1. Just the residues that are among the charged types (D, E, K, R), farther than 14 Å from Val89 by Cα and open to solvent by 60 Å² or more (accessible area, probe 1.4 Å), please, taken from the stretch 120-149.
2. Kindly list the number of the only condition in (1) at pLDDT 95 or above; (2) more than 24 Å from Glu25 (Cβ to Cβ) that fails for Ser102.
Amino acid sequence: MDGVDTGAGAGDIDRIRTLSSTVREIVDGLPGRVQRVTVRAGELSVDLSFHTPEGGTPAAAVPAAAVQAVPAGAPAEAGAADGTAGEAVRAPLVGTFYGRPSPDEPPFVEVGDVVEEGQQVALIEAMKLFNAVTAAVRGRIAKVHVADGDMVEYDQPLFDLVPEG
């Protein structure tokens, strides 16, 4: 990666290498062409900007620790239990799905819960980083497609969400 400041101390060089390696693996899993990557060693930081393929949702800057799921362009594959078409909350990256903050805590959401736009509904662990998955719209959780510990692929449906006004 070009643009790495080599004026750092010896300890920082190792952290920069580790962080750069992690960024490279994240970049390989992105759905589009990378436009910009910023890596910092002090207080470890990653800032990514990339172009999505035609028809995708553009991302201006996607910090690794706060990735947000985007609504599907079409109704979810499986509608709500009542037959109402919904939107899928989809995996924003490849990783391990967690529906609860820790094994001894209740799930972020369950079927029937109403969530607000921006509310955290899950975590995906990728490269030992936990990434928040949030609802892009207000709605009711109609179905959960994955279980704790499941590996998920980019854009895989995680939840069916029926939008509510």
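The values are calculated or read from the model by the stated rules, or taken from the named source; none is laboratory data. Everything numeric here is computed off the predicted structure, so don't read it as measured data. Heads up, the Cβs are rebuilt from the backbone with ideal geometry, glycines too, and the neighbour counts pull from every protein chain shown. Quick note on the areas: whole protein, heavy atoms, side chains included, nothing else; ligands and nucleic acids left out. Shrake-Rupley method; radii C 1.70, N 1.55, O 1.52, S 1.80 Å.
1. Going through the stretch 120-149, the residues among the charged types (D, E, K, R) turn out to be 125, 128, 138, 140, 143, 148.
This time we only want the ones that are farther than 14 Å from Val89 by Cα, so: 125, 128, 148.
Hits for the stretch 120-149 are Lys128, Asp148.
2. Ser102 satisfies all of (1) at pLDDT 95 or above; (2) more than 24 Å from Glu25 (Cβ to Cβ) except (1).
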